[in-house]
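Engineer: What follows is a single structure, and I will ask about it in a moment.
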Amino acid sequence: MKSTRLLSVLFALVLALGISVGVVYPQGPDETPAATEEPEGRVPYCTEDIRAELEAQDIYIPVISKGFQHQFWQAVKKGAEMAAEDCGVTITFEGPETEAMVDKQLEMLQTALDKNPDALAFAALDSKAAIPLLERAQEEGIPVVGFDSGVDSDIPVTTAATDNVAAAALAADMMAELIGGEGQVAVIAHDQTSRTGIDRVDGFKTRIEEEYPDIEIVDIQYGAGDQLKSTDLANAIILAHPDLKGFFGANEGSIIGVLNAVTELGMEGDIVVIGYDSGVQQMEAIRAGTEAGAITQDPIGIGYYAVEAAVKALRGEELPEVIDTGFHWYDATNIDDEDIAALLYE
């Protein structure tokens with residue numbers, strides 16, 4: 001099982017890649033099931049020969065995500081499982097019950113390292129808190145691949161993720177266009193500690209400040225990705241700012257909270273709502289016109305390329321520092337287009 005460990009230490013390694021979609025499973029590790037499909041438009045690294053080689057080595061790669069409560073993470077899980085099947089390795093996939101549980105995620109990381117894995121894929125809830133444990137992984141010769149949300153360290157050999165600054169800047173551009181270039185807007189994001197939370201707020205805020213002087217961001221709040229908490233925050237913001245023209249929700253839980261508040265207050269059509277990711281409620285809101293549109297990532301790809309990158313690292317392959325998994329704007333006009341629909345999850 002450890003026959004590749006020495007090989008991995010001999011090679012200089014850099015960042016990897018990923019995609020994601022999903023269905024809700026119970027929290028906790030799951031053994032790898034069989035996969036039935038590849039991410040569209042991608043050429044798999046693992047040939048039949050590579051798969052046979054890795055199966056003989058009994059490779060184990062724990063995949064630790066930021067949570068289990070959103071369909072997004074189930075999509076990432078699906079991609080990771082597909083890569084594990086293609087490459088002939090065993091993975092577990094787990095995450096804390098909520099994205100506010102940094103300590104729980106760190107416990108999962110420590111437990112995973114105690115099992116002496118061959119490699120590790122990790123999406124950090126806190127971009128700094130996990131560094132001591134990742135230093136331990138580095139000392140033990142365990143390649144670490146970041147996915148979705150990186151860490152403030154050069155320890156990961158690669159990170160498979162969306163360019164969240166650029167994606168949120170696009171959301172800001174669409175907001176400006178849809179509200180006529182002026183007015184008050186607000187933001188609800190998931191947290192101020194993960195790389196995704198930081199980058200999405202910064203990307204949106206910076207683009208508005210630099211390009212749209214007649215638009216004012218009146219409030220930015222953080223709901224921990226929790227729909228109920230985000231609903232309460234959005235209600236309070238709307239009531240405090242009766243002239244609010246736009247609202248950006250920076251992840252699935254955040255935008256569902258915004259949609260709930262807009263509906264509860266009877267503000268459908270009065271506030272331009274822009275979201276992130278997908279899910280049934282958000283997709284229905286876009287089709288109904290309650291939500292103007294959203295940014296979609298490639299969640300299945302994030303999971304797939306995180307595991308594939310870990311395999312490449314174990315085999316001594318050179319990796320890019322970052323694997324940009326891409327993003328797209330979608331709304332009622334293109335939600336059913338083939339290239340967009342393939343990236344959305346229910």
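Engineer: Given the Cα atoms of the range 284-334, and with Rh set as the inverse mean 1/r over their pairs in the Kirkwood sense, what is Rg to Rh to two decimals?
Structural biologist: Computed over Cα atoms, the ratio is 1.23.
Engineer: About its Cα centre, what dipole magnitude does the chain give when the only charges are +1 on Lys and Arg Cβ and -1 on Asp and Glu Cβ, stated in debye to the nearest 20?
Structural biologist: Using Cβ point charges on Lys, Arg, Asp and Glu, the chain gives about 780 debye.
Engineer: Quick one: Kirkwood hydrodynamic radius for the range 74-209, alpha-carbon pairs, angstrom, one decimal? If you can, show how the numbers build up before the last one.
Structural biologist: Working: mean 1/r = 0.0604 Å⁻¹.
With all distinct Cα pairs of the range 74-209 included, I get 16.6 Å.
Engineer: Which value in Å is the Kirkwood Rh of the range 119-190 over different Cα pairs? Spell out each step's value before the answer.
Structural biologist: Values: mean 1/r = 0.0693 Å⁻¹.
Kirkwood radius, the range 119-190: 14.4 Å.
Engineer: Probe radius 1.4 Å, ligands and nucleic acids left out: which of VAL43, VAL280, VAL262, VAL272 has the largest accessible area, and how do the rest follow? Don't skip to the end; give the middle numbers.
Structural biologist: Values: VAL43 125, VAL280 60, VAL262 0, VAL272 30 Å².
So the residues, ranked largest to smallest area, are VAL43, VAL280, VAL272, VAL262.
Engineer: Considering Cα pairs under 8 angstrom that are at least six residues apart, work out the relative contact order of the range 257-346 and quote it in whole percent.
Structural biologist: With pairs under 8 Å counted, the relative contact order is 32 percent.
Engineer: At 1.4 Å probe radius, can you tell me the per residue accessible area of the chain in Å²? Present the calculation step by step, with values, prior to reporting the outcome.
Structural biologist: Details: 13470 Å² over 346 residues.
Per-residue accessible area for the chain comes out at 39 Å².
Engineer: Follow-up. Could you work out the percent of alpha carbon pairs in the range 145-226 separated by over 18 Å, rounded to a whole number?
Structural biologist: So the portion of pairs separated by more than 18 Å is 45 percent.
Engineer: So, one more: Using a 1.4 Å probe and ignoring any ligands, DNA or RNA, find the accessible area of TRP329 and quote it in Å² to the nearest 10.
Structural biologist: Number for this one is 40 Å².
Engineer: If you take all C-alpha pairs in the range 197-237, what percent of them are over 13 Å apart?
Structural biologist: For the range 197-237, the share of Cα pairs beyond 13 Å comes to 60 percent.
Engineer: Continuing with the same structure: Assign unit charges at the C-beta atoms only (+1 for Lys and Arg, -1 for Asp and Glu), then state the dipole size of the range 179-225 relative to its Cα centre in Debye, rounded to the nearest 20.
Structural biologist: Charge dipole, the range 179-225, about its Cα centre: 280 debye, nearest 20.
Engineer: Can you tell me, using C-alpha contacts under 8 Å and at least 6 residues apart, the relative contact order of the chain as a whole percent? Before the final figure, lay out the partial values.
Structural biologist: On the way: 892 pairs, mean separation 90.6, N = 346.
That works out to 26 percent.
Engineer: OK, next. Using DSSP to call loops (not H, G, I, E or B), can you name the GluC sites (Glu not before Pro) in the range 70-167 whose Cβ has at most 16 other Cβ atoms within 10 angstrom? List each step's numbers first, then the result.
Structural biologist: Working: sites: GLU81, GLU85, GLU94, GLU97, GLU99, GLU107, GLU135, GLU139, GLU140; in loops: GLU97, GLU99, GLU140.
Here the GluC sites (Glu not before Pro) that fit, given the DSSP loop and packing criteria, are GLU97, GLU140.
Engineer: Nearest 20 debye, what's the magnitude of the dipole of the range 101-196 about its Cα centre given +1 on Lys and Arg Cβ and -1 on Asp and Glu Cβ?
Structural biologist: Value, rounded to 20: 140 debye.
Engineer: Is there a pair in LYS78/LYS128; LYS77/LYS245; LYS77/LYS205; LYS66/LYS128; LYS78/LYS229; LYS66/LYS312 whose C-alpha atoms are over 25 Å apart, and which pairs would that be?
Structural biologist: Over 25 Å Cα-Cα: LYS78/LYS128; LYS77/LYS245; LYS77/LYS205; LYS78/LYS229.
Engineer: Using Cα atoms only, what is the angle between the long axis of helix 71-87 and the major principal axis of the chain, expressed in degrees (0 to 90) to the nearest 10?
Structural biologist: 20 degrees
Engineer: Can you tell me the Rg and the Dmax, both Å, for the Cα atoms in the chain?
Structural biologist: Every Cα atom of the chain included, Rg and Dmax give 20.1, 64 Å.
Engineer: If DNA, RNA and ligands are ignored and the probe is 1.4 Å, what is the ranking of LYS312, LYS205 by accessible area, most exposed first? Working shown, then result.
Structural biologist: Values: LYS312 55, LYS205 75 Å².
The most accessible residue leads, giving LYS205, LYS312.
Engineer: Summarise the accessible area of the chain (1.4 Å probe, protein heavy atoms) by the percent that is carbon and sulfur.
Structural biologist: With neighbouring chains kept in place, the figure for the chain is 49 percent.
Engineer: Calculate the length of the line joining the C-alpha centroid of the range 72-116 to that of the range 288-346, in whole Å.
Structural biologist: Cα centroid to Cα centroid, the span is 18 Å.
The values are calculated or read from the model by the stated rules, or taken from the named source; none is laboratory data. Small disclaimer: the values here were computed from a predicted structure and weren't measured. All Cβ positions, even for glycine, are placed from backbone atoms using ideal geometry, and neighbour counts span all protein chains on display. In case anyone asks, the SASA skips ligands and DNA or RNA and just uses the protein heavy atoms, side chains included. Shrake-Rupley method; radii C 1.70, N 1.55, O 1.52, S 1.80 Å.
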